[in-house]
Amino acid sequence: MRQSDHEVPTRLERAAGDLIGLAADPPEDFALRVLRRVGIQREQYDTYVRLETPAGGLFVAAGPDAVTGAALDSAGLTATAFEERHRVRTHRSAIPATKPFPGVVTALRTGRARRLPIDLSGLTTAERAVLEAVRTIPPGQLRPVGWIAREAEVPATAVVGALARNPVAVLIPSHRVTHDGGAPCDADLVPGAGDALRAAEGVDLDREVELRRGGVVFLGSDTTRIYCHPTCAHARRIVPRHQVPFRTAREAGRAGYRACKSCRPVTV
DNA sequence: ACCGTGACTTAGG
DNA sequence: TCCTAAGCCACGG
């Protein structure tokens, strides 16, 4: 039997058929399959997933090579609102997906995201420097604004503003930054989120309050005459009978103590 | 004041 | 991911 012309499906009909076929598949990654089918390149859009953290759900967007944004939904942020904010900020669409960017889940579990590729190209040089400095704070540890300023080589007055505009919440651990007196900064977080993240990393919140009440900013060891930020891994090993509290770096210096080379206390 | 041991972290392979 | 080397430091001798 000879096939007549009108029985040959047109390109449009084939595409429609394909899309119907795609829609009949499970809903996972439907948008991605549609984009691929109509020939939109992967480089032209970001994808995002929603992952659980100690501070609630976290939307994490990424391009092919790097994470490009993250925001907690704790402030009532919906997926649609996240997509919109992402598009306004990056001029790229974020498409829901199921597969997180490689390494993100591990980074969230361990708190170690220093090697995770994060794209901060939309920020100013100073903002980028601040956030890169924040990224070097080890999990479970805290650093004051003055420390960030010195590490990033920016004026201290520029730090909090840059933190407030952190486009990659949690993965850039702004919750590890305190004011110089030790009180949490949490410039980009809703109340409660910072404490939840810090507690989950093993920060002793009660002890932090206690130190702050006493004005203690540094902790020294009278065996080595070295002083640290109290949450420094080395400071945490100083047994109580060797702990010497300091309220300022100058006070520690006058007592003959030098700064720890690991946590590099601010000596302003 | 100095030194050795061991715990811990990071960089690099 | 495992392994190693190196750096840093608590602690006791």
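The values are calculated or read from the model by the stated rules, or taken from the named source; none is laboratory data. A quick note: this is a predicted structure, and the numbers were derived from the prediction, not measured. FYI the Cβ positions are ideal-geometry reconstructions off the backbone, even for glycines, and counts take in every protein chain you see. We work out accessible area using only protein heavy atoms, side chains counted, and drop any ligands, DNA or RNA first. Shrake-Rupley method; radii C 1.70, N 1.55, O 1.52, S 1.80 Å.
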Under Karplus coefficients 6.51, -1.76 and 1.60, residue-wise ³J(HN,Hα) of the stretch A:231-248 in Hz, glycine/proline x: 8, 4, 4, 6, 4, 5, 9, 5, 5, x, 6, 9, 6, 10, x, 10, 9, 8
The stretch A:46-204, accessible surface, carbon-and-sulfur percent (1.4 angstrom probe): 53
For the stretch A:46-204: accessible area per residue (Å², 1.4 Å): 44
Derived scalar couplings ³J(HN,Hα) [the stretch A:46-56; Karplus, 6.51 cos²θ - 1.76 cosθ + 1.60; whole Hz; x for Gly, Pro]: 9, 10, 9, 10, 10, 10, 7, 10, x, 9, x
Label-point separation, A:H179 to A:E210 (7 Å along Cα→Cβ), nm: 2.3
